[in-house]
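A.B. asks: Take this structure first; my questions come after.
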Amino acid sequence: MRYDPPFHRTNGLWPALSILAVLIGLPLFVVDPYTRHLLVLSFIFAAVAASWDLSLGFGGLFNFAHGALFAVGLYSFALAVKFLGLSPWLAIPLGGLVAMIVAALIALPVLRLDGIYVILVTIAVSQLLYQVTVSQSKWTGGTSGIVSLPALRVGDYSFIRDGKIGYYYAALLLLVLATTFLYGVIRSPLGRAIVGLRDHKYFAIARGVSEARTRLLTLVASALFTGIAGAFYGSYVRVASPDVFGLSFLTLILSILLVGGVATLWGPIVSAFVMTFLSEAIVGLGPWREIIMGIVIVLVVSFYPGGLWAAVQELRERIDTGRTAMLVSWRRRMQRRTRVDRMAGAEEFLLATRHGCIAVSDTGGDKPAILLLHGNSACKEAFAKQFAALKAEFRLVAFDLPGHGVSDNGDPETSYNVIAYAEIAEAVIEARGLHRPVVFGWSLGGYVGLELAARAKVPVAGLAICGTSPLTVVPDDFAAGYDASSHLILASKQYFTRAEAAAYAGSATAPKSAESAYLHRNLPRTDGRARVYMMTKLPVVNWPRQMRMLRDGKLPFAIINGADDPFLNRGYLLALCRSEGWSHPLVNIPNGKHAPFFNTPQTFNEIFLSFCRQAFAAAEGQDARATRP
């Protein structure tokens, strides 16, 4: 399942509306006509560059005739208003229509081509269109172009008046419409097909994606607002010049695209303002202008290929990482007593590891020990009910994974993965002096427990998991072992909206209530990078080793799930447990959902207690046999 919420339900809504509000109010403060002129050009070039991003960035088509499509829109407008007497308001959409027709013709020879051959063909087409334009001087004005084009008007009001404020708002509307259109295309099945052909061409074709049709639609869609922008540009500058076929214009649009960041949509829009103002600032340098713009492209591609949009995302990540780190520091100092009380008086310790300081809750004593491992975006306090109910018979220990609870944020490359979490579990067992504990892992914690037991660096008495499907091959078994709901897909999403946070916390543990509110409040503390990196690093885990350990049958093992777990594919688990050589129990607790230890603690605790007693009894028997003379 693809989780793709509408724009108004994403984190981008309020920033986009805020920036749009600023741009709407900007003319009230920017009254200089030249600055307004540059802003109008920025809006136009942003629409052109973002449209090119659809074919070049998302589609991977090196269409260097894109500048020519802008020129087609420009000359279509000029010819329509000068020779056909068409209204400028009708000639502008006509420019987009003609550009789409020309794009479809360009697509024909490149439908089956790749790489350098697409570049050569599209450059040749661009030059062909240029030669046709300058040779038909009777209609196009040749190298002089077509001058004195009519400006846009509404009644007696010309958009050129009042410091070009009419053109300012018309250009802003053009950019909003182009962005909305492109966003819709990218999020549509066509957009997924476009990206699929770019990233996994033969797999996409095998899945039924038509390469010819998709390429044709890609070029046509990218031409629509490029042609409209060209026509609008003609009404604004009131000249149709063959200079737009030249290298200077193409270099400017390419620099906007590359500096902003390809395959981002928003990057070229941001970059358009930077590069348009820079280009106009150095226009007096003559030929050096193109040289400088070319150098900018080379530097960005060589040293910062992600462009400005990547810089924006890195800044956002740094801010979010700093926010979560500050939250951890505050909670350590101000809420420690609350956590101790919630965990039935278990003391909280900070354990220094190579993955940062890890917060550990430990009831202490010399009783048989149980190590509890929490899930993705949760915390050790998820097991508060077990600490209260089981501490009389067992020593209970739980810790916050790095990037969770009140543990430090970790290095995403080294600390946010199942193997690193298992290393931390080993460190906790050794540091707290736990002798052959029973390990319980919930969701992500289940995989940590499986890896801990399979590594066999520290002995454990038994392992129980919950909300976890044991895997052999990733990603195949992962796709089969889970129900691909939107809530599962959120498990790998770096930033949550409030609605997404509530939905994920509600499905992972329980809907928000007085009892579960603290778990919902904990979720925003989680370092979002932990979700992303944990998922992307799943393939590095030795999954076959875990399955071999389970099928070996020497370690007491049980799966204790909620019967109505919204994440798991119960058919996969039933098939696994019925497979040859499998000897471990599968227990489904009614109304347990993804966290039966929290939602139905009494039933869960009875089942888990029985498992722990059997596991410890078996471990004691093994120890006794090992010590016999």
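The values are calculated or read from the model by the stated rules, or taken from the named source; none is laboratory data. Fair warning: this is a prediction, and the values are worked out from it, not measured in the lab. Heads up, the Cβs are rebuilt from the backbone with ideal geometry, glycines too, and the neighbour counts pull from every protein chain shown. Areas reflect the complete protein model, heavy atoms only, side chains present, ligands, DNA and RNA absent. Shrake-Rupley method; radii C 1.70, N 1.55, O 1.52, S 1.80 Å.
A.B. asks: Select from region 146-166 the residues that are of a type outside the set (A, V, I, L, M), within 22 Å of D243 (Cα to Cα) and surrounded by 12 or more Cβ atoms within 10 Å (Cβ to Cβ) and list them in ascending order.
C.D. replies: P150
Yes/no matrix, rows are residues, columns are (1) surrounded by fewer than 23 Cβ atoms within 10 Å (Cβ to Cβ); (2) in contact with a Leu (Cβ under 8 Å, 6 or more places away or on another chain); (3) over 17 Å from M535 (Cβ atoms); (4) among the acidic types (D, E):
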{"site": "D366", "(1), (2), (3), (4)": "yes, no, yes, yes"}
{"site": "A378", "(1), (2), (3), (4)": "no, yes, no, no"}
{"site": "S415", "(1), (2), (3), (4)": "no, no, no, no"}
{"site": "I429", "(1), (2), (3), (4)": "yes, yes, yes, no"}
{"site": "L450", "(1), (2), (3), (4)": "no, yes, no, no"}
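A.B. asks: Six or more apart or on different chains, Cβ under 6 Å: which pairs go from a residue in region 249-265 that's closer than 11 Å to V300 by Cα to one that's in a loop (DSSP other than H, G, I, E, B)? Could you list them?
C.D. replies: G261/G306
A.B. asks: Within region 298-307, is there a residue that is surrounded by 17 or more Cβ atoms within 10 Å (Cβ to Cβ) and at pLDDT below 85?
C.D. replies: Yes, some residue in region 298-307 is surrounded by 17 or more Cβ atoms within 10 Å (Cβ to Cβ) and at pLDDT below 85.
A.B. asks: Take I607 and decide whether it is in contact with a Cys (Cβ under 6 Å, 6 or more places away or on another chain) and outside any loop (DSSP other than H, G, I, E, B).
C.D. replies: On the way: in contact with a Cys (Cβ under 6 Å, 6 or more places away or on another chain): no; outside any loop (DSSP other than H, G, I, E, B): yes.
No.
A.B. asks: Continuing with the same structure: Can you list the helices (runs of 4 or more DSSP H) lying wholly within region 163-276 that have 3 or more residues being at pLDDT 90 or above and of a type in the set (A, V, I, L, M, F, W, C)?
C.D. replies: Passing ranges, in order: 189-199, 211-237, 247-260.
A.B. asks: Follow-up. Taking the conditions exactly as written (small (G, A, S) and in contact with a Ser or Thr (Cβ under 6 Å, 6 or more places away or on another chain)), does G85 satisfy them or not?
C.D. replies: For G85, the condition - small (G, A, S) and in contact with a Ser or Thr (Cβ under 6 Å, 6 or more places away or on another chain) - is not met.
A.B. asks: Six or more apart or on different chains, Cβ atoms under 8 Å: show the pairs whose first residue is in region 562-580 and within 9 Å of D483 (Cα to Cα) and whose second is of a type in the set (K, R).
C.D. replies: Between residues of region 562-580 that are within 9 Å of D483 (Cα to Cα) and residues that are of a type in the set (K, R), the close pairs are P566/K593.
A.B. asks: Restricting attention to region 172-206, and to residues there that are out of contact with any Asp or Glu (no Cβ under 7 Å at 6 or more places or on another chain), charged (D, E, K, R) and under 16 Å from S222 (Cα atoms), which single residue is surrounded by the fewest Cβ atoms within 10 Å (Cβ to Cβ)?
C.D. replies: R192
A.B. asks: Additional query: Let me confirm something: among S76, S42, S55, S51, which residue is polar (S, T, N, Q) and either touching a strand residue (DSSP E or B) at 6+ places or on another chain (Cβ under 8 Å) or more than 16 Å from G227 (Cβ to Cβ) (or both)?
C.D. replies: Details: S76 fails: either touching a strand residue (DSSP E or B) at 6+ places or on another chain (Cβ under 8 Å) or more than 16 Å from G227 (Cβ to Cβ) (or both); S55 fails: either touching a strand residue (DSSP E or B) at 6+ places or on another chain (Cβ under 8 Å) or more than 16 Å from G227 (Cβ to Cβ) (or both); S51 fails: either touching a strand residue (DSSP E or B) at 6+ places or on another chain (Cβ under 8 Å) or more than 16 Å from G227 (Cβ to Cβ) (or both).
Every option except S42 fails the conditions.
A.B. asks: Could you tell me whether E317 is under 22 Å from F43 (Cα atoms), among the charged types (D, E, K, R), out of contact with any Ser or Thr (no Cβ under 9 Å at 6 or more places or on another chain) and open to solvent by less than 70 Å² (accessible area, probe 1.4 Å)?
C.D. replies: Spelling it out, it is not the case that E317 is under 22 Å from F43 (Cα atoms), among the charged types (D, E, K, R), out of contact with any Ser or Thr (no Cβ under 9 Å at 6 or more places or on another chain) and open to solvent by less than 70 Å² (accessible area, probe 1.4 Å).
A.B. asks: Okay, moving on. Would you mind telling me which numbered condition in (1) closer than 18 Å to F70 by Cα; (2) over 44 Å from the mean Cα position of the chain (by Cα); (3) assigned to a helix (DSSP H, G or I) L149 fails?
C.D. replies: All conditions are met except number (3).
A.B. asks: Now for a different question. Going by the conditions given, is V438 without any contact (Cβ under 8 Å) to a residue 40 or more places away in the chain, at negative phi and open to solvent by less than 20 Å² (accessible area, probe 1.4 Å)?
C.D. replies: Details: without any contact (Cβ under 8 Å) to a residue 40 or more places away in the chain: no; at negative phi: yes; open to solvent by less than 20 Å² (accessible area, probe 1.4 Å): yes.
So V438 does not fit the description; no.
A.B. asks: Separate question: Can you find a residue in region 212-221 that is surrounded by fewer than 17 Cβ atoms within 10 Å (Cβ to Cβ), in contact (Cβ under 8 Å) with a residue 24 or more places away in the chain, at positive phi and assigned by TED's automatic domain parsing to the domain that holds P93?
C.D. replies: No: region 212-221 contains no residue that is surrounded by fewer than 17 Cβ atoms within 10 Å (Cβ to Cβ), in contact (Cβ under 8 Å) with a residue 24 or more places away in the chain, at positive phi and assigned by TED's automatic domain parsing to the domain that holds P93.
A.B. asks: Quick one: which of G59, G25 is touching a residue at least 24 places away in the same chain (Cβ under 8 Å) and on the phi < 0 side of the Ramachandran plot?
C.D. replies: G59
A.B. asks: From the list G467, G481, G528, which residue is small (G, A, S), at positive phi and crowded, with 16+ Cβ neighbours inside 10 Å?
C.D. replies: Just a single option satisfies the conditions, and that option is G467.
A.B. asks: For region 322-339, what are the residues that are surrounded by fewer than 12 Cβ atoms within 10 Å (Cβ to Cβ) and basic (K, R)?
C.D. replies: R333, R337
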